[in-house]
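The values are calculated or read from the model by the stated rules, or taken from the named source; none is laboratory data. Just so it is clear, the model here is predicted, and its values are computed rather than measured. Backbone-built Cβ (ideal geometry, glycine too); neighbour counts: all protein chains shown. Side chains are part of the model used for accessible areas, which takes the heavy atoms of the whole protein and leaves out ligands, DNA and RNA. Shrake-Rupley method; radii C 1.70, N 1.55, O 1.52, S 1.80 Å.
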Amino acid sequence: MSTIPADDTMPEGDDFVAAEYVLGVLPEQERRDAARRIENDPAFARLVANWQLHFDPLNEQFQSTTAPSYLKGQIDQRLFGIDSGRVAAGASFWNSLAFWRTVAVAALALVVFNFAREFVHRQTGPAPTQLIASMSSDSGPLRSVAIFDDKSRKLRITLVSGDIPRDKSLELWLIAGKDAPVSLGVLASPKGTEFNVPTSIAAKLRDGTTLAISVEPVGGSPSGTPTGAVVAAGSVSSI
Amino acid sequence: MTPEGISELISRVALRDRAAFDVLYNSTSAKLFGVCLRILGNRSEAEDALQDIYVKIWNKADRFAVTDTSPISWLVAIARNHSIDVLRARKPATAELEKAVGIAEHSPDPEQSAIASGETKRINECLDQLESDRASAVRGAYLNGESYELLAIRHRVPLNTMRTWLRRSLMKLKECLER
């Protein structure tokens, strides 16, 4: 190993450039030159790899943070040209972002359709078996869609955009008329959460009932009523 | 997921296995997003960077086989290098520098150093043998993507002095690490 030169002289050599590249301190042009050398100069590439091995242990200090759920769809779009290669790749149909986006658009169309139908008939047909709600807010990025199947009494909710905030939970509420909000539970994953809805609450799920999502402490509201901001809301309509 | 598991996934991605790519993304994206966020300091740039990074991973997966690094280190290096490239290409850089001078220096978190183990302990021991401002310059560069320009302003020394400092620190560091 070389000796350290007098205090005011800058040590020179490829090994320092390699270290500087790994540390990331170089200005843009010098950094680009170094990156090119890694491709074309195996000896230099080895110096870089060696420094990287020395610094790798510091990587432990980068703290993991869940990326927003829509990013993977955008990556697939760029790589494979479709939003959800996920279906082809064997991932669940229900987790497909494209599917849920379609559902969100369909839900909006349905609201218009139902309005028109009501306007024409002013009467309801046989009891609906499927209900859908598209939830959003003017002030925030969160958009969510929930589908309720009357037969199985399962309500499935997914985030179409936005994400579950770090160190918080998102809680789903049912608000029927002037009744106090009833908690349906905490969202387990932005991709999809399924709730079993008790009969007594299922009876309140019908056209016009409001579903809302609030930000709560991890695990849900401690008091049984919403304590945090409502980040999305929407009303239920039958399919 | 074990390092062997991640290695296996990267090898399958090199063979254009999209299901493996999905699993690789699910098991590693949080770590890489953490890297982007720390270096870029804002979510929207970090989100764009993460997309670019996984496109790179898909395209460069066949190169992993010829490296002798751990799979997660390989992935983090791609994420770090890309984030730093984005940072250096930012225009105008001056606004960034002014902001950086205003904010407090990231000091090494003592709790984090305490829980760090094995290899991390070794590099921290060697960093601790440097003068404290030089050790923090090295850590700040690696973990926050700080440039020579920014470090020079923060430590109130000319650019060349900063570079001399840092190179000499790297020399001492290497002697310690390879001892």
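Details
- Tally, over region A:193-213, of residues that are open to solvent by 20 Å² or more (accessible area, probe 1.4 Å) and either in contact with a helix residue (DSSP H, G or I) (Cβ under 8 Å, 6 or more places away or on another chain) or under 15 Å from A:Thr227 (Cα atoms) (or both): 1
- Only listed residue being within 16 Å of A:Glu216 (Cβ to Cβ) and open to solvent by less than 20 Å² (accessible area, probe 1.4 Å), chosen from A:Leu184, A:Leu172: A:Leu172
- Within region B:32-47, the residues that satisfy the criterion of being more than 14 Å from B:Asn81 (Cα to Cα) and not in a loop (DSSP other than H, G, I, E, B) are B:Arg43, B:Ser44, B:Glu45, B:Glu47.
- Answer residue from region B:29-46, given it is in contact with a helix residue (DSSP H, G or I) (Cβ under 6 Å, 6 or more places away or on another chain) and closer than 18 Å to A:Tyr70 by Cβ and is nearest to the other protein chains (Cβ to nearest Cβ) among those: B:Phe33
- Residue match in region A:42-52 (condition: open to solvent by less than 10 Å² (accessible area, probe 1.4 Å), at the interface with chain B (Cβ under 7 Å from one of its Cβ atoms), within 18 Å of B:Leu166 (Cα to Cα) and in a helix (DSSP H, G or I)): no
- Qualifying residue in region A:72-84 (condition: open to solvent by 50 Å² or more (accessible area, probe 1.4 Å), of a type in the set (Ser, Thr, Tyr) and not in a helix (DSSP H, G or I)): no
- The set of residues from region A:37-81 being closer than 20 Å to B:Val55 by Cβ and among the basic types (Lys, Arg) comprises A:Lys72, A:Arg78.
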